[in-house]
There are 2 protein chains.
Amino acid sequence: MTTKDNLLLYLKKNKNSWISGEYLSQELLVSRAAVNKHIRKLRDHGYQISSSTKKGYCFYGVKDIFIAAEIQEDLDTRIFGKQEIIYFDEVDSTNAQARLMAAQGAPEGTLVLAEKQISGKGRKGRTWFSPPGYGIYASLILRPAMPPSDVPGITLITAIAAAESLSALTKLPVKIKWPNDILVNKNKLAGILTEISTDMDAVDYIIVGIGLNVNTPSEAFPEHVKSIATSVFAESGMTLSRVKLLRAFLRQYEACYIQFKREGFAGLRRRWKNMTDIIGKNVTIEEIDTTRAGRVVDVDNDGTLVLRDDTGRMHRIFSGDVIL
Amino acid sequence: MTTKDNLLLYLKKNKNSWISGEYLSQELLVSRAAVNKHIRKLRDHGYQISSSTKKGYCFYGVKDIFIAAEIQEDLDTRIFGKQEIIYFDEVDSTNAQARLMAAQGAPEGTLVLAEKQISGKGRKGRTWFSPPGYGIYASLILRPAMPPSDVPGITLITAIAAAESLSALTKLPVKIKWPNDILVNKNKLAGILTEISTDMDAVDYIIVGIGLNVNTPSEAFPEHVKSIATSVFAESGMTLSRVKLLRAFLRQYEACYIQFKREGFAGLRRRWKNMTDIIGKNVTIEEIDTTRAGRVVDVDNDGTLVLRDDTGRMHRIFSGDVIL
């Protein structure tokens, strides 16, 4: 435990009451000046602490912040978020940082978080608008013993965990759009970007990045994003604790992941279908080298989208953009 | 052109005849000492150069070495080996170095070569015995616009190019063993390791590593390798120029790659089947989570192995180890 962590423990034990600098200095075996320095740092991180030259310090709460200690407190997972949590005030992209860490051997469950992404990534080189203060921008490192052909299912179960935890905490009509978007009223609430490093036999590591628009006010979205994106706050008027949502998501996600490794996507398919309204819809699907129109018949046991075109022919789609 | 490259041009133009240090110094606009230093470096690299205080220098040949300039001379490809060639006297693994370079943006066609690998990699964490002086240890960076599901075909076309070029230059009965080995008389002559970095839509980069036992004498193989590995020299008694073989392989490989991008594996399937004797064989296949026995019926248009088990049931195998 660092001095800062220890100081935090004392402050939290005495929440809403005054505790003298002299006492803290003696207990923590550091100078009064050091105590004061750490108090300032905690304030920078969002801890709300009053100070008085006579009475000392009084901790009365914490803003909704992404300090590892805050997230790990009460987090009842076994792996996800239980390894190192790497936090950035500002970062290029959490996926890029997570890839770097995974390449250097970071274990499964390592979580990269940022308050702000400068170049947040979506699929196909798109950007994910990632302003500070409002969103969850997180990337998780996974190392399942699985062939690369099973990995598309990881995106789908991430979507289940995101949709179910959002739905439980907000009661919004959250829907999964195959393969990687979470929508409310046809607008994007969250997106998932799965990247892998693998040989032909077995995956080395998977990076699952998620961007979640939590408390973003509509007017904060830039013009070109406004018509396609939304947030929990924009839809419900409700401010939701990002820490609480991230914890709920990690818990749900870990459970899905464990089940997926045991049963494959087949075991989670029903839950996925409960969270989507894409089945039966007429859509156009842009694949890497072709575009197909048709009706979505199903999502298969291996996570592929089954499409019937106008001539009645069936197509199994592994990856693509669905245009409703 | 560096001074060394220029010097090499002068020497080669005057192959087998003497050329004075004074003359070289004037032509290259460097000191006599600098000429001498570069001559020493060229010798270190395998250039055979005599020197005489009276007559100067005489270039009379080159050992079979992996200098970029040697390989690129007369290499009639358009991309493969035409970008940077990174050469190591000794390296952990050429694939590891190529991955590092690809992550930093190295273009398609970049080639990593080593005279010796300390921890040459095979599939499934196996090692590839990589002693200096005898083998080709090379990794190529590819950046095709293709979904990750098409990548297994890359291993197969690499095998075609390796088997065809080996067969043409050695007349040995070279056979492909699905998916990634090149055998002569059931022993490994070459192996291929394909690694990819990708998202679910499109490949970022592919590293194709190849290890080729060219001039390795049987007695140079360690005991545990001796019973499964062989070399061109061990099979034929013939010493084959590694530079010549590498050039032939790169030419053949690039042609296969261009065709594969246009037609898929379907367009190269017949050539693949011409180089294998696995069809119709009774085999056991170890997949990541299961083992199956049966008869190999075919290799499909997408490169999957089709196996009929004892009950007559057909299985499509994406990846695994074939045990004959």
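The values are calculated or read from the model by the stated rules, or taken from the named source; none is laboratory data. Just so it is clear, the model here is predicted, and its values are computed rather than measured. Counting neighbours? That spans all protein chains shown, and the Cβs are built from the backbone with ideal geometry, glycine included.
The table below lists the values:
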item: Residue count for segment B:30-59, restricted to those that are more than 38 Å from the chain's Cα centre (by Cα) and either acidic (Asp, Glu) or under 13 Å from residue B:3 (Cα atoms) (or both); result: 2
item: Qualifying residues in segment A:169-190 (those that are within 12 Å of chain B (Cβ to nearest Cβ) and more than 18 Å from residue A:142 (Cα to Cα)) - the one surrounded by the fewest Cβ atoms within 10 Å (Cβ to Cβ); result: A:178
item: Residue match in segment B:74-85 (condition: charged (D, E, K, R), without any contact (Cβ under 8 Å) to a residue 60 or more places away in the chain, surrounded by fewer than 20 Cβ atoms within 10 Å (Cβ to Cβ) and in contact with a Lys or Arg (Cβ under 6 Å, 6 or more places away or on another chain)); result: no
item: Candidate set from segment A:37-48 (those that are surrounded by fewer than 16 Cβ atoms within 10 Å (Cβ to Cβ) and under 18 Å from residue A:12 (Cβ atoms)); member that is modelled with the lowest pLDDT; result: A:46
item: Number of the exception - residue A:105 against (1) away from chain B (no Cβ under 14 Å); (2) without any contact (Cβ under 8 Å) to a residue 24 or more places away in the chain; (3) assigned to a loop (DSSP other than H, G, I, E, B); result: (1)
item: Qualifying residue in segment B:26-37 (condition: among the hydrophobic types (A, V, I, L, M, F, W, C) and touching a Gly at 6+ places or on another chain (Cβ under 8 Å)); result: yes
item: Residue A:290 polar (S, T, N, Q) and within 14 Å of chain B (Cβ to nearest Cβ); result: yes
item: Residue match in segment B:198-211 (condition: free of Cβ contacts under 8 Å to residues at least 60 places away in the same chain, part of a strand (DSSP E or B), surrounded by 22 or more Cβ atoms within 10 Å (Cβ to Cβ) and in the same structural domain as residue B:119 (by TED's automatic domain parsing)); result: yes
item: The one condition in (1) closer than 24 Å to residue A:268 by Cβ; (2) without any contact (Cβ under 8 Å) to a residue 40 or more places away in the chain; (3) crowded, with 18+ Cβ neighbours inside 10 Å that residue A:195 fails to fulfil; result: (2)
item: Residue count, segment B:1-36 (criterion: loosely packed, with under 13 Cβ neighbours inside 10 Å, in contact (Cβ under 8 Å) with a residue 24 or more places away in the chain and in a helix (DSSP H, G or I)); result: 3
item: Residue among A:159, A:163, A:168 that is farther than 16 Å from residue A:259 by Cβ and either in contact with a helix residue (DSSP H, G or I) (Cβ under 6 Å, 6 or more places away or on another chain) or at pLDDT 95 or above (or both); result: A:168
item: Conditions (1) away from chain B (no Cβ under 14 Å); (2) surrounded by fewer than 23 Cβ atoms within 10 Å (Cβ to Cβ); (3) not aliphatic (A, V, I, L, M); number of the one not met by residue A:144; result: (1)
item: Residue within segment A:229-248 that is polar (S, T, N, Q) and either in contact with a strand residue (DSSP E or B) (Cβ under 6 Å, 6 or more places away or on another chain) or not assigned by TED's automatic domain parsing to the domain that holds residue A:140 (or both) present; result: yes
item: Subset of segment B:297-324 [of a type in the set (S, T, N, Q) and within 14 Å of chain A (Cβ to nearest Cβ)]; result: B:304, B:319
item: Matching residues in segment A:284-321 - criterion: being more than 30 Å from the chain's Cα centre (by Cα), among the charged types (D, E, K, R) and within 20 Å of residue B:203 (Cα to Cα); result: A:289
item: Residue within segment B:216-236 that is over 15 Å from the mean Cα position of the chain (by Cα), on the phi > 0 side of the Ramachandran plot and away from chain A (no Cβ under 14 Å) present; result: no
item: Residue check, residue A:280 at positive phi, more than 14 Å from chain B (Cβ to nearest Cβ) and not basic (Lys, Arg); result: yes
item: Residue match in segment B:38-60 (condition: closer than 30 Å to residue B:199 by Cα and without any contact (Cβ under 8 Å) to a residue 12 or more places away in the chain); result: no
item: Helices (runs of 4 or more DSSP H) wholly inside segment A:232-281 containing at least 3 residues that are among the charged types (D, E, K, R) and crowded, with 16+ Cβ neighbours inside 10 Å; result: A:242-263
item: Hits in segment B:164-199 - residues which are closer than 18 Å to residue B:322 by Cα and hydrophobic (A, V, I, L, M, F, W, C); result: B:174, B:176, B:178, B:182, B:183, B:184, B:189, B:190, B:192, B:193
item: Hits in segment A:283-315 - residues which are loosely packed, with under 12 Cβ neighbours inside 10 Å and assigned to a strand (DSSP E or B); result: A:291, A:314
item: Subset of segment A:243-291 [within 30 Å of residue A:309 (Cα to Cα) and either basic (Lys, Arg) or free of Cβ contacts under 8 Å to residues at least 12 places away in the same chain (or both)]; result: A:267, A:269, A:270, A:271, A:273, A:274, A:281, A:289, A:290, A:291
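Residue-wise test of (1) outside the structural domain of residue A:131 (by TED's automatic domain parsing); (2) assigned to a helix (DSSP H, G or I); (3) under 18 Å from residue A:246 (Cα atoms).
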residue: A:38; (1), (2), (3): yes, yes, no
residue: A:42; (1), (2), (3): yes, yes, no
residue: A:49; (1), (2), (3): yes, no, no
residue: A:86; (1), (2), (3): no, no, yes
residue: A:95; (1), (2), (3): no, yes, yes
residue: A:98; (1), (2), (3): no, yes, yes
